[in-house]
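Student: What follows is a structure written as structure tokens; I'll ask about it next.
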Amino acid sequence: MDTIYALATARGRSGLAVVRISGPAAFAAGLALCGSLPATRVAGLRRLTWRGELLDEALVVSFAEGASFTGEAVVELHCHGGPAVVGAVLRALAEQPGLRLAEPGEFTRRALENGVLDLAQVEGLADLIDAETEAQRRQAVRVLSGSVGQKVDGWRRDLIRAGALLEATIDFADEDVPVDVSPEVLGLIDGLMADLGREAAGVLAAERIRDGFEVAIVGAPNAGKSTLLNQLAGREAAITSEIAGTTRDVIEVRMEIAGLPVTFLDTAGLRDTEDRLERAGIERALARAEAADLRLFLTDGTGLPLEPTGDDLVVLGKSDTKSGWSGLAVSGKTGQGVPELMARIGEILDQRVGSAGALVRERHRIAVTAAIAALAESRAEVVRRDSRVELAAEHLRRAVRALDALVGRVDVDDLLGEIFASFCIGK
């Protein structure tokens, strides 16, 4: 195994920078720069020198094999964050034999290969690095802490128990088995199918926490959509005008509501028009509104261009110039009613993510769905009058393999390139 090194913190000028070295020659590389290393897991101030030249003074921390992020021997150099300092340290490491610059995500990949993290935890780490909102952070921390692996371990135990019961009937096929194992096997299968089904159903909500919700602002021309968007954004994100049909394209503003990432879409005013460009904008607006998670219909009180469905909100616009409206009302110009509108949107979206469970990605849902299908086939074999126990047991083994793929216990090389492509070199 090569010894690798890289800047583990963000590039650019900063107060501090961390250079990580991992692999069998990590301690030797650290000694070559520092002269001596502090005791493992204890930070110590050291002068970094190379070829007789002082590079920097840094805090140095070493980790023994099996007690580090990668599972290998690791040395971290916490030096000053100036580009010249970092460059000098990296060049000194590059000149040492047996060391090479880490590839993107290679530190984390070694953590996976050495059993420090499972595949779901690797994905959780990537999500934690990208987290922008509190809900994203909480979800990513939960996955990184091993919640998916713990779920899989529990499901796996039940599958192994059910498989062992079936295998016992195969082993003693020529003898009288004193106990009918079918009730216990069916109970285990039914419980697993119900639990897996709930987790699969919660993936969509979890994906929304990670990827964000879209809220489309829909209405007739001059309903105040762009003015409201500017009020929400706190800046001139969209052009406003008394001329109807000003907005031709979909304008997006991303923000956080109730800890959730939300993108508001300002769409073209909906009306019949002969203007080809405006008509194209209206068609795009209708498509985005249909795909959005929630629609906010801004009305002048006389009617709506589309029929609201589900949780869609109907809101009176330009409320500073109107009265007598009993529902939600906002003024993009003065900000009147905007806090109440934001609170209502937050309540709706928070209810939607309430079903999110441990699984957070489409890959997780596909693996669990495959396990459910295998369990259904196993159950069908168990309840047959001429029960084919061998096939039932094989279907259970298929379910185990599907769940093992979820956390990377079986061959998942085809997934690794895609997953680690999102990591930076220092991670």
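Student: Checking the condition outside the structural domain of residue 188 (by TED's automatic domain parsing) and either touching a residue at least 40 places away in the same chain (Cβ under 8 Å) or buried (at least 16 other Cβ atoms within 10 Å of the Cβ) (or both), which residue from 289, 376 passes?
Tutor: 289
Student: Going residue by residue through the range 372-384, is there one that turns out to be outside any helix (DSSP H, G or I), closer than 30 Å to residue 168 by Cβ and modelled with pLDDT under 90?
Tutor: Yes, that holds for at least one residue.
Student: Identify all residues within the range 312-324 that are surrounded by 14 or more Cβ atoms within 10 Å (Cβ to Cβ) and not in a strand (DSSP E or B); write none if there are none.
Tutor: 312, 317, 318, 319, 320 - these are the residues of the range 312-324 that are surrounded by 14 or more Cβ atoms within 10 Å (Cβ to Cβ) and not in a strand (DSSP E or B).
Student: Assess whether residue 378 counts as being touching a His at 6+ places or on another chain (Cβ under 8 Å) and farther than 28 Å from residue 208 by Cβ.
Tutor: So residue 378 fits the description; yes.
Student: Report every pair of residues separated by at least 6 positions or lying on different chains whose Cβ atoms are under 9 Å apart, first residue within the range 75-87 and under 13 Å from residue 33 (Cβ atoms), second in a strand (DSSP E or B) and of a type in the set (S, T, N, Q).
Tutor: 75/22; 75/62; 76/62
Student: Hey, any hits in the range 105-118 for a residue that's under 14 Å from residue 21 (Cα atoms), assigned to a helix (DSSP H, G or I), modelled with pLDDT of 90 or more and of a type in the set (D, E, K, R)?
Tutor: yes
Student: Okay, next question. List the number of the failed condition for residue 134; all other conditions in (1) loosely packed, with under 15 Cβ neighbours inside 10 Å; (2) under 30 Å from residue 260 (Cα atoms); (3) free of Cβ contacts under 8 Å to residues at least 40 places away in the same chain hold.
Tutor: Status for residue 134: all satisfied but (3).
Student: Mind listing just one residue for me: the one in the range 385-405 that is at pLDDT below 90 and over 20 Å from residue 156 (Cβ atoms) and, of those, surrounded by the most Cβ atoms within 10 Å (Cβ to Cβ)?
Tutor: Per the stated criteria, the residue is 389.
Student: Considering (1) touching a Gly at 6+ places or on another chain (Cβ under 6 Å); (2) crowded, with 23+ Cβ neighbours inside 10 Å; (3) assigned to a loop (DSSP other than H, G, I, E, B); (4) β-branched (Val, Ile, Thr), say which one residue 75 fails and leave the rest.
Tutor: Status for residue 75: all satisfied but (3).
Student: Identify, by number, the condition in (1) modelled with pLDDT under 80; (2) farther than 30 Å from residue 127 by Cβ; (3) surrounded by 13 or more Cβ atoms within 10 Å (Cβ to Cβ); (4) not basic (Lys, Arg) that residue 250 doesn't meet.
Tutor: (2)
Student: Now, a different point. Just a yes or no: is a residue in the range 62-71 out of contact with any helix residue (DSSP H, G or I) (no Cβ under 6 Å at 6 or more places or on another chain), over 24 Å from residue 122 (Cα atoms) and either in contact (Cβ under 8 Å) with a residue 40 or more places away in the chain or among the aliphatic types (A, V, I, L, M) (or both)?
Tutor: Checked the range 62-71: no residue is out of contact with any helix residue (DSSP H, G or I) (no Cβ under 6 Å at 6 or more places or on another chain), over 24 Å from residue 122 (Cα atoms) and either in contact (Cβ under 8 Å) with a residue 40 or more places away in the chain or among the aliphatic types (A, V, I, L, M) (or both).
The values are calculated or read from the model by the stated rules, or taken from the named source; none is laboratory data. All of these numbers come straight from a predicted model, not from anything done at the bench. In this analysis, Cβ positions are derived from the backbone assuming ideal geometry, glycine residues included, and neighbour counts consider all displayed protein chains.
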